[in-house]
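Report on the following structure.
Since every read-out is calculated from the coordinates, none of them should be taken as a lab result. Worth saying up front: this structure is predicted, and the values here are computed from it rather than measured. Reconstructed Cβ throughout: ideal geometry from the backbone, glycine too, with neighbour counts over all protein chains shown.
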Amino acid sequence: MLSAILMILAGFVVIGLIIVANAYFVAQEFSFMSVDRTQLRQRAANGDKPAERALKITQKTSFMLSGAQLGITITGLLIGYVAEPLVGQGLGILLGGVGVPTGVSVAVGTVTALAVSTVLTMLFAELFPKNYTIAAPMKTALWLSASTMWYLRLFGWLIHFFEYSSNAILKVFGIEPVEDVDSSATTDDLESIVDASHEAGDLDEDTYLVLDRLLDFPEHDVGHAMIPRSRVDVIEPETTLGEVREMMSENHTRYPIIDDEHNPIGVVHLYDVLGSELPPATAAREIMKEPVVVPELMPLPDVVTELRDADEKLACVIDEYGGFVGIVTMEDLAEEILGDVTDEHDIEETEEITEQDETHWLVDGDTPIDEVERAIGHDLPEGDFETVAGLLIAHAGTLPEEGELHAIELEAEPDDWVEGDEAPTRTLNVRVEEVDRHVPSVLALELIEEFPEEEDD
């Protein structure tokens, strides 16, 4: 009887040690897969030795996973071998001592031992280390780095054997094995991360908008950011410096100069006017600088490069026919990322979009389409236009008049099918509040969503 009890106690001690070993390998697997490599690089650059070791391990993902899986497999097998001869037989002897037949007592003891060891293994060797390392990957990875390096060195020969064998099997099926997991993120991945962080409340509204605009910035061209010719103040070559000085005191600090054929031939800056000792009657052409000219279809990052290389703050924009269609400034480019920027000449700060409630907005006609999409939370129809006024004109097929109401159907989005088989129907009602220069200048938007009725089972 005493021998049976000692056998059971020894069995549980050995099982406990095996569970600890199994938990170690599970923690190893999840910690090095979950740890932030960027933070590891920063720590390693600052001389953190554990971070250096952990970073080296993460650079050989396949080898590390093979090693962890080898340890998990061996420890899992050992529990079976220990549970049956020690705990199982010990329980069988105890049950046999109270009159239970030997065959039945051994079977019951073995099943009980395996059931108990399975529960303990799931809780303490699998679930607990997995959840802990996912919750604290950095702490765990740093703590395990030294022992993991020694383990991989000591059993590297065996790990390589199984790794090469598995890679050979993959190649048979035409799959090329990889040593490391690609930790880089595409633009689409970054957009998804930003959206998810915003929805989870980890990013405030202002930060989210800046990041979202920043990711969209490379995809936009000059036409998206420029000030159109109809809203650009220009001067003629013969405009005097006195007149330019007076204009700059009330309006802008730089003006494009156009000739009789409406071609941009130069730009005059405030600092050139103030720094000039020429008489006020001198023509502006005398101090003008060569203009930076960019095509309307040039990507915005390239415009930044052009202006930076030329050490200028304003570029003249031409269309595919060579016509002067507007200007773009560094301020306009900054607004593509930061939103509206108010300078000393903005007499009254106005909002392009005014949210009245969750389904109603008041917007300026020249508000870019992407800004309206961010406000309403849904995609708008695409087309050869940049502003919400352009969208309305394209939809109407003519110049809308004040008071007109138009209903624009919105397409369903991928997320619409997540919770049901039918997508909701969305309509954007657009009412023209004001018209300026024949085009809508102020628009009232109303989003209407109709969800399909759920059928009772």
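Let me make sure I get this right: for region 247-298, a, b and c are the square roots of the gyration tensor eigenvalues over alpha carbons, sorted descending. Under 1.5 in a/c it's rounded, otherwise prolate if a/b > b/c, else oblate. Which is it? Please list the in-between numbers first.
Details: a/c = 2.15, a/b = 1.70, b/c = 1.26.
Prolate.
If I take all pairs of Cα atoms in region 242-390, what percentage of them are more than 23 Å from each other?
49
Take peptides 385-392, 294-301, 194-201 and line them up by average Cβ neighbours within 10 Å, highest first, as a rough protection proxy.
385-392, 294-301, 194-201
Kindly express, to the nearest 10 degrees and within the range 0 to 90, the angle between helix 300-310's C-alpha long axis and the longest C-alpha principal axis of the chain.
On a 0 to 90 degree scale, this one is about 60.
Just give me a number: lysine pairs in the chain, eight or more positions apart or cross-chain, with C-alpha atoms less than 19 Å apart. List each step's numbers first, then the result.
On the way: K49/K60; K49/K139; K56/K139; K130/K139; K289/K313.
Counting lysine pairs in the chain gives 5.
Taking the chain as the reference, fit the longest principal axis to its C-alpha atoms, fit the long axis of helix 241-250 to the helix C-alpha atoms, and give the angle between the two in degrees, 0 to 90, nearest 10.
Here the helix axis deviates by roughly 50 degrees.
Tell me, what HN-Hα J-couplings in whole Hz come from the Karplus equation 6.51 cos²θ - 1.76 cosθ + 1.60 at θ = phi - 60° for each residue of region 67-73, using x for Gly and Pro?
Karplus values, whole Hz, x for Gly and Pro: x, 5, 5, 4, x, 5, 5.
Using Cα pairs under 8 angstrom and six or more residues apart, how large is the relative contact order of the chain, in percent? Don't skip to the end; give the middle numbers.
Details: 635 pairs, mean separation 46.5, N = 457.
RCO, the chain: 10 percent.
As I understand it, the value is the acute angle between the Cα axis of helix 187-199 and the longest principal axis of the Cα atoms of the chain; what does it come to in degrees, rounded to 10?
So the helix axis and the longest Cα principal axis differ by about 80 degrees.
Which order do the peptides 48-61, 157-170 come out in when sorted by mean C-beta neighbours inside 10 angstrom, highest first?
48-61, 157-170
With only alpha-carbon pairs counted, each pair once and no self-pairs, how large is the Kirkwood hydrodynamic radius of region 106-172 in angstroms?
Hydrodynamic radius (Kirkwood, Cα only) of region 106-172 equals 15.3 Å.
Rounded to the nearest 5, what % of the DSSP beta bridges within the chain are antiparallel ones? Numbers along the way, then the final one.
Working: 42 of 47 bridges.
Restricted to the chain, the bridges split so that about 90 percent are antiparallel.
Put +1 on the Cβ of each Lys and Arg and -1 on the Cβ of each Asp and Glu in the chain; which of S192, L40, G390 then has its Cα farthest toward the positive end of the dipole?
L40
When DSSP beta bridges are limited to those with both residues in region 236-323, what percentage is antiparallel, rounded to the nearest 5?
That works out to approximately 65 percent antiparallel.
Just the Cα atoms of the chain: what Rg and Dmax do they give in Å?
35.4, 123
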